[in-house]
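Trainee: Just passing along the structure, written as structure tokens.
The values are calculated or read from the model by the stated rules, or taken from the named source; none is laboratory data. Every value quoted in this text rests on a predicted model; they were computed, and no experiment measured them. Counting neighbours? That spans all protein chains shown, and the Cβs are built from the backbone with ideal geometry, glycine included.
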Amino acid sequence: MKCKLAIIGAGPSGLLLGQLLLRAGIDNVIIEKKSADYVQGRIRAGVLEQGTVDLLREAGAGRRIDDEGIVHRGLELVFGRCRDRIDLQGLTGDGAVTIYGQTEMTRDLMEAREASGGLSFYEAEDVRLHDVDGERPYVTFMHDSQPYRLSCDYIAGCDGYHGISRHCIPQDVLVEYERVYPFSWLGLLSDTPPVHHELVYVNHERGFALCSQRSASRSRYYLQVPPTDRLEEWPDSRFWAELKRRLPDKLSQRLVTGPALEKSITPLRSYVAEPMQYGKLFLVGDAAHIVPPTGAKGLNLAASDVGTLYRILKKAYQENRFDVVGRYSEIALRRVWKATRFSWFMTSLMHTFPSREEMAFERRMQQAEYDYYVNSSAGQKTIAENYVGLPHDLVD
Ligand code: FAD
Ligand code: DHB
């Protein structure tokens, strides 16, 4: 088998990249180790930047998000007794985000790929990359007990943080940057109406809380919990009681509770691997970087990597500009570090840091930082322009 691009992983990065390239006439094959149902069912992100929505449209998978996505033009921050709205639209000159679950985006992209006849192998086993720094890279894997060999021009490692692609970059080339935060997020999805029409990020002395949503009748809530906590320790009743305690009275009184459709615990970390390319291999999305979810950047950053690689490969194949291929890492990393900074800033601002020795001082610094940002038009604008998403870099 042969194709221009082998794509490892059918998460949002792999599916979006594959679909954009198919539409540009650049053939590709996706190899995924899990089943399509498993990939589609993973409850994760829910806030899409405009740049991500635009890419979905360009991929021919934007019809349903245009109909069903909920546009949010503001969000709220709560710190102690202060409750402040960040006017995304007013502060950014018409900026907004769209509420649309990662599950839905994945489904739309899978359907679009199916309709365009793109080749995908789900439940592939023993996936291996070969000669990534040579002239003729190839991928081998097992599918339905049959061995396969896929020759390609390039390989896109879209296989997430636990994937194999990043490990193909030699240790003396790869530089890793990491911060692990001393808490996790416990998420709960329920068929209950959202407590507020916009998202609410809360810094309470008992810990962070987030009120998000998927639709007018489906809510997604998160609580900061110790990193050692397990799901069994959090029956629904305890989750709702804790959320009520962390919300301002007005919201707490309006909170509608119900059985959890899904609950999960996510540890928080910042991680960046440099460079994001080696020979004929590109790392895309979570394969190259992880951000803590405060600020909703993980999925959007994956999409902007995809946008960058898509524009580079289009230039290469359509305009014979293969000189730009070597610039992927440099271009992508500029935006990666800015989103890493914003996610770290939002995480530091909105969580309680239980074990900080100088806790009293740190808490005061956090209060002063909050006070400064929400009461300064420059501060508000900084939050707004990062939240709606910084511009995607062009490739010239
Ligand atoms: P992934 O979605 O991880 O996809 C990688 C794919 O590669 C997977 O399907 C995997 O099965 C496949 N794969 C792995 N190894 C191999 C292999 N060897 N061979 C073939 N295929 C392989 N972001 C937010 O913005 N907000 C959130 O609330 C949020 N919550 C999250 C909760 C969790 C538990 C996690 C893990 C992430 C969350 N994120 C969130 C981040 C966001 O979901 C990711 O940034 C996004 O999924 C990245 O997409 P991706 O395609 O790069 O990677
Ligand atoms: C959601 C997740 C986030 O990390 C965030 O900052 C906002 C919303 C969500 O899952 O809805």
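Trainee: Within the stretch 257-310, count every residue that is more than 15 Å from residue 163 (Cβ to Cβ) and assigned to a loop (DSSP other than H, G, I, E, B).
Mentor: 13
Trainee: Have a look at 316, 332 and point out the one that is free of Cβ contacts under 8 Å to residues at least 12 places away in the same chain, crowded, with 16+ Cβ neighbours inside 10 Å and not β-branched (Val, Ile, Thr).
Mentor: 316
Trainee: Ok, one more. Under the condition of being among the charged types (D, E, K, R) and without any contact (Cβ under 8 Å) to a residue 24 or more places away in the chain, which residue from the stretch 33-62 is farthest from residue 125 (Cα to Cα)? Full working, then the answer.
Mentor: Initially, the stretch 33-62 is screened for residues among the charged types (D, E, K, R), giving 33-34, 37, 42, 44, 49, 54, 57-58.
With without any contact (Cβ under 8 Å) to a residue 24 or more places away in the chain added as a condition, the list becomes 37, 54, 57.
Numbers: 37: 17, 54: 34, 57: 32 Å.
If we take residues in the stretch 33-62 being among the charged types (D, E, K, R) and without any contact (Cβ under 8 Å) to a residue 24 or more places away in the chain, then 54 is farthest from residue 125 (Cα to Cα).
Trainee: Could you count how many residues in the stretch 124-168 are under 23 Å from the mean Cα position of the chain (by Cα) and not in a helix (DSSP H, G or I)?
Mentor: Number of matching residues: 10.
Trainee: Next up: In this structure, does residue 354 turn out to be surrounded by fewer than 11 Cβ atoms within 10 Å (Cβ to Cβ) and in contact (Cβ under 8 Å) with a residue 40 or more places away in the chain? Working first, answer last.
Mentor: Values: surrounded by fewer than 11 Cβ atoms within 10 Å (Cβ to Cβ): no; in contact (Cβ under 8 Å) with a residue 40 or more places away in the chain: yes.
Considered against the rule, which asks whether it is surrounded by fewer than 11 Cβ atoms within 10 Å (Cβ to Cβ) and in contact (Cβ under 8 Å) with a residue 40 or more places away in the chain, residue 354 comes out as no.
Trainee: Follow-up. Can you tell which of 346, 365 is closer than 27 Å to residue 225 by Cα and under 22 Å from the mean Cα position of the chain (by Cα)?
Mentor: Details: 365 fails: under 22 Å from the mean Cα position of the chain (by Cα).
None of the other options fit; the residue is 346.
Trainee: Then there is this: Quick test of your reading of the structure: residue 70 fulfils all but one of (1) within 14 Å of ligand 1 (Cβ to nearest atom); (2) out of contact with any helix residue (DSSP H, G or I) (no Cβ under 8 Å at 6 or more places or on another chain). Name the failing condition by number.
Mentor: (1)
Trainee: Can you tell me how many residues in the stretch 21-80 are aromatic (Phe, Trp, Tyr) and within 25 Å of residue 261 (Cβ to Cβ)? Walk me through how you get there before you give the answer.
Mentor: Going residue by residue through the stretch 21-80, those that are aromatic (Phe, Trp, Tyr) are 38, 79.
Of the ones still in play, those that are also within 25 Å of residue 261 (Cβ to Cβ) are 38.
Adding up the residues that qualify gives 1.
Trainee: What are the residues in the stretch 192-207 that are touching a strand residue (DSSP E or B) at 6+ places or on another chain (Cβ under 6 Å), part of a strand (DSSP E or B) and more than 13 Å from residue 295 (Cα to Cα), if any?
Mentor: Correct list: 203, 207.
Trainee: Identify the residue in the stretch 201-227 that is within 20 Å of residue 350 (Cα to Cα) and away from ligand 1 (no atom under 15 Å from the Cβ) and, among all such residues, is surrounded by the fewest Cβ atoms within 10 Å (Cβ to Cβ).
Mentor: Of the residues in the stretch 201-227, the ones within 20 Å of residue 350 (Cα to Cα) are 201-213, 220-227.
Still in the list and also away from ligand 1 (no atom under 15 Å from the Cβ): 202-207, 226.
On the way: 202: 25, 203: 22, 204: 21, 205: 8, 206: 12, 207: 20, 226: 12.
Ranking the candidates gives 205 first.
Trainee: If only one of 308, 266, 294, 228 is under 20 Å from residue 186 (Cβ atoms) and away from ligand 2 (no atom under 16 Å from the Cβ), which one is it? If you could, list the steps in order and put the result at the bottom.
Mentor: Values: 308 fails: under 20 Å from residue 186 (Cβ atoms); 266 fails: away from ligand 2 (no atom under 16 Å from the Cβ); 294 fails: away from ligand 2 (no atom under 16 Å from the Cβ).
After applying the criteria, what remains is 228.
Trainee: Out of all the residues in the stretch 26-48, which are surrounded by 19 or more Cβ atoms within 10 Å (Cβ to Cβ) and either at pLDDT below 95 or within 10 Å of ligand 1 (Cβ to nearest atom) (or both)? Write out each step before concluding.
Mentor: Of the stretch 26-48, the ones surrounded by 19 or more Cβ atoms within 10 Å (Cβ to Cβ) are 26, 28-33, 39, 45-48.
Across the stretch 26-48, the qualifying residues are 30, 31, 32, 33, 39, 45, 46, 47, 48.
Trainee: Here's something else I'd like to know. Spot the failing condition for residue 275; the list is (1) away from ligand 2 (no atom under 16 Å from the Cβ); (2) within 21 Å of the chain's Cα centre (by Cα); (3) farther than 30 Å from residue 170 by Cα; (4) not small (Gly, Ala, Ser), and only one is missed.
Mentor: All conditions are met except number (3).
Trainee: Within the bounds of the stretch 281-289, is there any residue that is more than 10 Å from ligand 1 (Cβ to nearest atom) and crowded, with 24+ Cβ neighbours inside 10 Å? First the steps, then the outcome.
Mentor: Step one: filter the stretch 281-289 for residues more than 10 Å from ligand 1 (Cβ to nearest atom), giving 281-282.
The next check asks that each one be crowded, with 24+ Cβ neighbours inside 10 Å; those that pass are 282.
Checked against the condition, which is being more than 10 Å from ligand 1 (Cβ to nearest atom) and crowded, with 24+ Cβ neighbours inside 10 Å, the stretch 281-289 yields at least one hit.
Trainee: OK, next. Might you let me know whether the stretch 173-185 holds any residue that is of a type in the set (A, V, I, L, M, F, W, C), away from ligand 1 (no atom under 13 Å from the Cβ) and over 23 Å from the mean Cα position of the chain (by Cα)?
Mentor: Checking the stretch 173-185: at least one residue is of a type in the set (A, V, I, L, M, F, W, C), away from ligand 1 (no atom under 13 Å from the Cβ) and over 23 Å from the mean Cα position of the chain (by Cα).
Yes or no, residue by residue, for (1) in a loop (DSSP other than H, G, I, E, B); (2) basic (Lys, Arg); (3) within 16 Å of ligand 2 (Cβ to nearest atom):
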| site | (1), (2), (3) |
| --- | --- |
| 13 | no, no, no |
| 16 | no, no, no |
| 21 | no, no, no |
| 26 | yes, no, no |
| 34 | yes, yes, no |
| 38 | no, no, no |
| 45 | yes, no, yes |
| 48 | no, no, yes |
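Trainee: Which pairs have Cβ atoms under 6 Å, sit 6 or more apart or on different chains, and link a residue in the stretch 234-261 that is basic (Lys, Arg) to one that is in a helix (DSSP H, G or I)?
Mentor: As it stands, the answer is 244/252, since those pairs meet every condition given.
Trainee: Right, another one. Those residues that are among the hydroxyl-bearing types (Ser, Thr, Tyr) and part of a helix (DSSP H, G or I), I need them from the stretch 321-361; list them, please.
Mentor: First, pick out the residues of the stretch 321-361 that are among the hydroxyl-bearing types (Ser, Thr, Tyr): 328-329, 340, 343, 347-348, 352, 355.
If the condition is that a residue be among the hydroxyl-bearing types (Ser, Thr, Tyr) and part of a helix (DSSP H, G or I), then 328, 329, 340, 343, 347, 348 are the ones that fit.
Trainee: Now, a different point. Quick one: which residue in 180, 127 is closer than 30 Å to residue 223 by Cβ and β-branched (Val, Ile, Thr)? Give the steps one after another, and end with the answer.
Mentor: Working: 127 fails: closer than 30 Å to residue 223 by Cβ.
Of the residues listed, the single one that is closer than 30 Å to residue 223 by Cβ and β-branched (Val, Ile, Thr) is 180.
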